[in-house]
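Notes for the one structure printed next.
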Amino acid sequence: MKKAILALIIGLSVLACPILYVFVGPALDALQWSTLKILLYICGGSALFCFLVGELSKNNSQMDKLWSILPEVYIWIVAIRGSFRPRLVVMAVLATLWGARLTFNFARKGAYRLRFWEGEEDYRWAVLRNKKEFQPHWKWLLFNLFFISIYQNVLILCTTLPALISMHSDAPFGWVDGIAATLMLGFLVLETVADAQQWRFHSKKKALLKNGAALVDLPAPYNKGFNTTGLWGYSRHPNYLGEQGVWASLYLFSVGAGIGVFNWSIIGALLLIVLFLGSSRFGEEISASKYPEYATYRKRVSKFIPWKKYEA
């Protein structure tokens, strides 16, 4: 049932974009279309790179390495071709700050190497790759091509569409833009703090385990195996909350540009939310299989929105 609902949400989100484009607008002008073509070329090249390198190296985190880099590249291209309008520059600067945070967080996990095809792979890809649903390998190959490489690259491009449709706006940078910038920066701080807390927790846990202790013998809260401290005591995925909030906030800039409260560039934020619904569910399945207390944690702590502090 959950998979069917998720598929329905994805389908409706995808359909929303062309419907809004035709009936609500705005239509793209010649410069915007030519800019979009540039972005599509980069997107296509990235998808091809991720597929080929992922297959040859057996490391499917190639897309993860580019996830934090491509959005700011796209938005800066729009800002340059949009004559550095203040709204576009603010969007590009905030996206760059977001990218720097995520790149740093991924780099300290060992994702980047001089041999670019190497590096630490996200553990979830290995778990997913070994599932019986993806045997024999040709099934995984198709998944790698259409979801990991093509879909995720298109999704990243879609999250930056609010910049594209705001490209020629003559509306001055106003209070809506101020709210959008404040929210985007606030969500960025939220996920930065969440990442730092997660990193400290697991670094300490690994250090304790290296001394030969078993997980159950570690001092609390490390003996649980998963983080319940700081923001993680109020939300099971505070970093995901921040990530979704960042791109929903970027969409608000299109409202400030006078495009309308509801326009087709919302497709990126919608699809990102759907992606994190599925990603968080899969991650929690893995955690529940590894840590006995995780089921209780799921019952007592909300998935995204901080609500009630976890009490063991």
Six or more apart or on different chains, Cβ atoms under 8 Å: show the pairs whose first residue is in the stretch 239-259 and touching a residue at least 60 places away in the same chain (Cβ under 8 Å) and whose second is open to solvent by less than 10 Å² (accessible area, probe 1.4 Å) and of a type in the set (F, W, Y). V246/W98
When residues of the stretch 65-115 are limited to those that are on the phi > 0 side of the Ramachandran plot and not aromatic (F, W, Y), the one most open to solvent (accessible area, probe 1.4 Å): S83
Being touching a helix residue (DSSP H, G or I) at 6+ places or on another chain (Cβ under 9 Å), under 30 Å from G233 (Cα atoms), open to solvent by 20 Å² or more (accessible area, probe 1.4 Å) and at pLDDT 95 or above is the requirement here; does F187 meet it? yes
Could you say whether any residue in the stretch 125-142 is within 27 Å of T192 (Cα to Cα), in contact with a helix residue (DSSP H, G or I) (Cβ under 8 Å, 6 or more places away or on another chain) and without any contact (Cβ under 8 Å) to a residue 40 or more places away in the chain? no
With respect to I266, is the statement that it is of a type in the set (V, I, T) and crowded, with 19+ Cβ neighbours inside 10 Å true? yes
Sort out which residues of the stretch 182-217 are free of Cβ contacts under 8 Å to residues at least 12 places away in the same chain, over 22 Å from the mean Cα position of the chain (by Cα) and assigned to a helix (DSSP H, G or I), and write them in order of number. S203, K206, A207, L209, K210, L215, V216, D217
Considering only residues of the stretch 37-52 that are open to solvent by 20 Å² or more (accessible area, probe 1.4 Å) and among the hydrophobic types (A, V, I, L, M, F, W, C), which is farthest from Y151 (Cα to Cα)? I38
What are the pairs with Cβ atoms under 8 angstrom where one residue, in the stretch 17-36, is open to solvent by 30 Å² or more (accessible area, probe 1.4 Å) and the other, located anywhere, is at pLDDT below 65? Sequence gap at least six, or different chains. A27/Y21
Inside the stretch 264-292, can you point out the residues that are at pLDDT below 90 and not in a helix (DSSP H, G or I)? none
Any idea which residue in the stretch 102-157 is farthest from G44 (Cα to Cα), counting only those that are under 19 Å from the mean Cα position of the chain (by Cα) and polar (S, T, N, Q)? N105
Every pair of residues 6+ apart whose Cβ atoms lie under 9 Å, when the first sits in the stretch 164-180 and is open to solvent by less than 10 Å² (accessible area, probe 1.4 Å) while the second is acidic (D, E) and part of a loop (DSSP other than H, G, I, E, B): M167/D29
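The values are calculated or read from the model by the stated rules, or taken from the named source; none is laboratory data. Everything numeric here is computed off the predicted structure, so don't read it as measured data. In this analysis, Cβ positions are derived from the backbone assuming ideal geometry, glycine residues included, and neighbour counts consider all displayed protein chains. We work out accessible area using only protein heavy atoms, side chains counted, and drop any ligands, DNA or RNA first. Shrake-Rupley method; radii C 1.70, N 1.55, O 1.52, S 1.80 Å.
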